[in-house]
Amino acid sequence: MTNYHVAVKGGNSVVRVNCLDGPPQIFPFDPSDWTFIPNGDDVAVIRLPVNPEKHQINAVPLSEFVFPERFSYGYVGTGEDVFMVGRFVDHDGGEINQPAVRFGHISIMPTSIYLEEIGRKKEYYCIDLHSRSGFSGSPVFVYRTITSDLSVCPVIRAQETRRTRPPLKSHRASVADRHRSTAGGARL
């Protein structure tokens, strides 16, 4: 999965996958090989012919994604710590793909933004983090440490109480529950 503007519109449709032994394998896909929804979100997908016995791969299970209903119950909100994993395009790792990690925060929960490319409004999250070319289409993960529970912040708490949210069992239990529900991260 990546962005439509990268793989299809931009023509950067080749995929390079690290192998367990030897140099990376290059899959020379054409932009027309990618699947996307015309005038839809800026997303394109392709099935990779990878083999776990040959390729160095890992995937985030769908059960670890944070879906909109988790946001509406206050599990994840403004100010949460996030990171994304991508490719530092100016240094691709030489003989192997070497991931780079960027860190930031959710600064605005879903807000409607008009996109000229598709001619309509869509809801998007505003994520503030340092980024650069090569990170388009990168997954964004929400993470927490025991000291980063923003539900205790009066400003954030007031904003979240306007939403319907389940009652907290206790502060300590809610942090543990929230950590389990968001540990895998989200594609925002």
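General observations
- Condition check for D177: modelled with pLDDT under 55 and not in a loop (DSSP other than H, G, I, E, B): yes
- Filtered by the rule that a residue be among the hydrophobic types (A, V, I, L, M, F, W, C) and touching a residue at least 24 places away in the same chain (Cβ under 8 Å), region 124-139 gives I127, L129, F135.
- Inside region 79-99, residues that are out of contact with any helix residue (DSSP H, G or I) (no Cβ under 6 Å at 6 or more places or on another chain) and at pLDDT 85 or above make up a count of 6.
Listed here are the residues, each with its yes/no results for (1) aliphatic (A, V, I, L, M); (2) surrounded by 12 or more Cβ atoms within 10 Å (Cβ to Cβ); (3) farther than 18 Å from N97 by Cα.
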residue	(1), (2), (3)
N3	no, yes, yes
C19	no, yes, no
Q25	no, yes, no
F29	no, yes, no
W34	no, yes, yes
I37	yes, no, yes
A44	yes, yes, yes
K54	no, yes, no
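- Just one of the listed residues (V50, V60) is under 30 Å from T145 (Cβ atoms) and out of contact with any Asp or Glu (no Cβ under 8 Å at 6 or more places or on another chain), namely V60.
- In summary, G22 fulfils each of the numbered conditions (1) without any contact (Cβ under 8 Å) to a residue 12 or more places away in the chain; (2) of a type in the set (G, A, S); (3) closer than 25 Å to T145 by Cβ with the single exception of condition (3).
- Test for V66: is it in the same structural domain as D128 (by TED's automatic domain parsing), on the phi < 0 side of the Ramachandran plot and aliphatic (A, V, I, L, M): yes
- When we screen S13, S32 for residues that are touching a helix residue (DSSP H, G or I) at 6+ places or on another chain (Cβ under 9 Å) and at pLDDT 90 or above, the only hit is S13.
The values are calculated or read from the model by the stated rules, or taken from the named source; none is laboratory data. These numbers come from a predicted model, not from an experiment. Neighbour counts are summed over all protein chains in view; Cβ atoms, including those assigned to glycine, are modelled from backbone coordinates with ideal geometry.
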